[in-house]
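Remarks on the structure that follows.
Derivation of every value follows stated rules applied to the coordinates shown; laboratory data play no part. Since we're looking at a predicted model, the values are computed, not measured. Every residue, glycine as well, gets a Cβ built from its backbone with ideal geometry; the counts of neighbours run over all protein chains shown.
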Amino acid sequence: MSPAGPDAGAELVAFVDESRKPVRDERTGAVAGSGDHYVVAAAVVMTGDVQSCREEVAAVAVAHNGARPLRWKDLGKQRRRDVVMSLIDLDHWDAFLYETKRPVSPRNLTDARVRALILRNALEDLSIVRGVVHATLETRSQPSKGFTTHDRRDNDVLQSLLSRGDVDPAFRISHDGKVEPLLWIADAVAGARTDFRCGVDREMYGLMAHRVQAIVSVRIL
């Protein structure tokens, strides 16, 4: 299918997930030691019809994964291919990618720091350039264990952008779990892209690349 393109008057919303993986030797599969690639993917519902898109993605899970959430890391290669082929046949969404320009060392930059830097770029681009009014991010808090800092840091990033005027004043974010089907698109795009960049699997991203409308490289200092 061709990219959806924004419908006139549609209120654009995004669903955002990320993936971080080490660079691997393509011949042996061993970790190369040159650092990790970090990718944030946004699946933007271009038609404004969020519920229809959600139902279509849920149907893909029913067809290929027994109605279980489509978690990229839990799918085998054939199932990944089946899921990708079904997702790219859905009209409602387009993807945007925000990623490290070069591999980064986990010894020098924590996951939280890299996420915050890339998320700043992603939210600014989604709001100002793409016209998105609301972004749903996968929750990374675990209240039962007391780990609530990840979601709070995401909100801190938004407040910083709002205070500097780097996003529209009405732009907002929220968090949801993997039960949200539209996060499964972002998860698949982010997972396939890091596999591609890290030398794990180049086929899957190649199948969906035409649904990616922009790739923003972020320089991590």
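Quick check, is Val167 assigned to a strand (DSSP E or B), hydrophobic (A, V, I, L, M, F, W, C), over 25 Å from Ala192 (Cβ atoms) and touching a residue at least 40 places away in the same chain (Cβ under 8 Å)?
Judged against the criteria, Val167 is not a match.
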**Q.** Residues satisfying the stated conditions in the stretch 170-199, i.e. in contact (Cβ under 8 Å) with a residue 40 or more places away in the chain and assigned to a strand (DSSP E or B)
**A.** Ile173, Ser174, Asp176
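Listed residues Arg140, Arg68, Arg102, Arg107; which is surrounded by fewer than 16 Cβ atoms within 10 Å (Cβ to Cβ), touching a helix residue (DSSP H, G or I) at 6+ places or on another chain (Cβ under 9 Å), part of a loop (DSSP other than H, G, I, E, B) and not small (Gly, Ala, Ser)?
The unique qualifying residue is Arg68.
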(Q) Among the listed residues Val57, Val84, Val44, identify the single one that is crowded, with 16+ Cβ neighbours inside 10 Å, of a type outside the set (D, E, K, R) and not in a helix (DSSP H, G or I). (A) Val44
**Q.** Single match in Val167, Val132, Val157, Val216 (criterion: among the aliphatic types (A, V, I, L, M), over 21 Å from Asp82 (Cβ atoms), surrounded by 13 or more Cβ atoms within 10 Å (Cβ to Cβ) and touching a Phe, Trp or Tyr at 6+ places or on another chain (Cβ under 6 Å))
**A.** Val216
